[in-house]
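The values are calculated or read from the model by the stated rules, or taken from the named source; none is laboratory data. These numbers come from a predicted model, not from an experiment. So basically every Cβ, Gly included, is an ideal-geometry build from the backbone, and we count neighbours across all protein chains shown.
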Ligand code: GUN
Ligand code: FE
């Protein structure tokens, strides 16, 4: 037996991203890790590791766990419903009434359990999650995610204007509840569940609230998530609400809630102009590309090829319930398909996204928001998913890359055979 007893390995068909457009494949390889840290991937187990515990997954494919950079847990209940609207009507008609129900902890428990159970079964290991304005049910959701063994960032949402009475906080209340939520969460000492500051979007938050949220961000040193440049009506509204801002992202930046000194992820960025794109790049803002949501709400198609060329951090988001599913294979296939339509119909200079690129965004691209996550390079955190594609029958032999591509188009949680988050196997 090897002396370093925390050392272990998974054996199988190993795939991860070498760069944004190149896969690294090690057939019948060994993924060696010690506790929560990857040591490396090897075609033959090096001598120094002889005798360590090896879990042999045979012909199954082992990939880094998928990262969902943007998802709304309380919207899980109405996914697949009410899609024939654009963003602002959809929020009023579907989203706000449902989110108001999470004031009731009994309802929250029932509905959040469905979300957490299904996220656990999926190929997702990490996620940035919006809850609602309600502190109690947000903490309940965090308790459930921690118990499920997933690694997440979860936000109590802030909203103090332009929302119905039943889903709006007073400014002071929003500030105090946020502080009280953070204090309670600190005491919980979760292993894998972190708070993230979550102003819903500029139309929902007064200037006064945004200033105070910045103070909270500085005091508690937490990351930030919100929405940006998703829909034309929304962008015009932000210009009216913040006439002094140069562009939508500048409205966040004026309050210090747009990257720079705080890790920040913005969902969508479908219609960002050149100034906004430059600022996101300068400030190190992450973009959560949510192609299914952008299709369902007729928002448009974000210029992801440009973002990748500029070296901006890009990951993928399911954006449930504007996106219909937590299944990140679906987000990957939509990302490819939407980019093809954009290329043909809107801008011939920005070519389609490829399979290796969307795989990169779903793993290493989004994973970077969590630190060294989303790759099997040495030093990365040990998040891995073992995929079994035997259900997806085929009359010929296929190579590993072909099998992965097919899964992007055909797979769901049924292909998830085993899952490891931060070095620990997630129990069935
Ligand atoms: N903008 C503000 N709130 C939301 C939301 O819940 N979903 C989406 N897609 N966009 C938003
Ligand atoms: Fe969203």
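In table form, for the structure just shown:
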{"item": "Test result for residue 374, in a helix (DSSP H, G or I) and touching a strand residue (DSSP E or B) at 6+ places or on another chain (Cβ under 7 Å)", "result": "no"}
{"item": "Residue 362 vs. criteria within 16 Å of ligand 1 (Cβ to nearest atom) and part of a helix (DSSP H, G or I)", "result": "no"}
{"item": "Check on residue 71, more than 22 Å from residue 380 (Cβ to Cβ) and not in a loop (DSSP other than H, G, I, E, B)", "result": "yes"}
{"item": "Of the criteria (1) touching a strand residue (DSSP E or B) at 6+ places or on another chain (Cβ under 6 Å); (2) without any contact (Cβ under 8 Å) to a residue 60 or more places away in the chain, which one residue 51 fails", "result": "(1)"}
{"item": "Test: residue in the range 331-338 that is touching a residue at least 24 places away in the same chain (Cβ under 8 Å), over 21 Å from residue 404 (Cα atoms) and away from ligand 1 (no atom under 14 Å from the Cβ)", "result": "no"}
{"item": "Only one of 96, 66 that is surrounded by 15 or more Cβ atoms within 10 Å (Cβ to Cβ), modelled with pLDDT of 95 or more and in contact with a strand residue (DSSP E or B) (Cβ under 9 Å, 6 or more places away or on another chain)", "result": "66"}
{"item": "Near pairs, Cβ below 8 angstrom, 6+ apart or cross-chain, from the range 257-279 (over 21 Å from residue 335 (Cβ atoms)) to any residue that is modelled with pLDDT under 95 and within 16 Å of ligand 2 (Cβ to nearest atom)", "result": "none"}
{"item": "Residue within the range 343-353 that is over 14 Å from the mean Cα position of the chain (by Cα), closer than 19 Å to residue 301 by Cβ, assigned to a helix (DSSP H, G or I) and within 16 Å of ligand 1 (Cβ to nearest atom) present", "result": "no"}
{"item": "Residue within the range 125-133 that is more than 15 Å from ligand 1 (Cβ to nearest atom) and surrounded by fewer than 24 Cβ atoms within 10 Å (Cβ to Cβ) present", "result": "no"}
{"item": "Scan of the range 267-295 for residues that are within 11 Å of ligand 1 (Cβ to nearest atom) and under 15 Å from residue 87 (Cβ atoms), ordered by number", "result": "267, 268, 270, 290, 292, 293, 294"}
{"item": "Qualifying position, being modelled with pLDDT of 95 or more and crowded, with 23+ Cβ neighbours inside 10 Å, among 411, 378", "result": "411"}
{"item": "Qualifying residue in the range 181-189 (condition: within 25 Å of residue 318 (Cα to Cα) and modelled with pLDDT of 95 or more)", "result": "no"}
{"item": "For residue 108: the one exception among (1) out of contact with any helix residue (DSSP H, G or I) (no Cβ under 6 Å at 6 or more places or on another chain); (2) surrounded by 14 or more Cβ atoms within 10 Å (Cβ to Cβ); (3) free of Cβ contacts under 8 Å to residues at least 40 places away in the same chain", "result": "(1)"}
{"item": "Residue in the range 198-206 that is closer than 22 Å to residue 235 by Cα, more than 16 Å from ligand 2 (Cβ to nearest atom) and in contact (Cβ under 8 Å) with a residue 24 or more places away in the chain present", "result": "yes"}
{"item": "Subset of the range 152-181 (residues that are touching a strand residue (DSSP E or B) at 6+ places or on another chain (Cβ under 6 Å) and away from ligand 2 (no atom under 16 Å from the Cβ))", "result": "174"}
{"item": "Qualifying residues in the range 174-185 (those that are touching a residue at least 12 places away in the same chain (Cβ under 8 Å) and surrounded by fewer than 19 Cβ atoms within 10 Å (Cβ to Cβ)) - the one nearest to residue 215 (Cα to Cα)", "result": "179"}
{"item": "Strands (runs of 3 or more DSSP E) contained in the range 219-321 and holding at least 3 residues away from ligand 2 (no atom under 13 Å from the Cβ), within 22 Å of the chain's Cα centre (by Cα) and surrounded by 16 or more Cβ atoms within 10 Å (Cβ to Cβ)", "result": "313-316"}
{"item": "Subset of the range 359-411 that is free of Cβ contacts under 8 Å to residues at least 12 places away in the same chain and under 25 Å from residue 425 (Cβ atoms) - its residue that is nearest to the chain's Cα centre (by Cα)", "result": "371"}
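Yes or no, residue by residue, for (1) crowded, with 17+ Cβ neighbours inside 10 Å; (2) within 16 Å of ligand 1 (Cβ to nearest atom); (3) within 29 Å of residue 268 (Cα to Cα); (4) within 17 Å of the chain's Cα centre (by Cα):
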site	(1), (2), (3), (4)
56	no, no, no, no
75	yes, yes, yes, yes
80	no, yes, yes, no
86	no, yes, yes, no
89	no, yes, yes, no
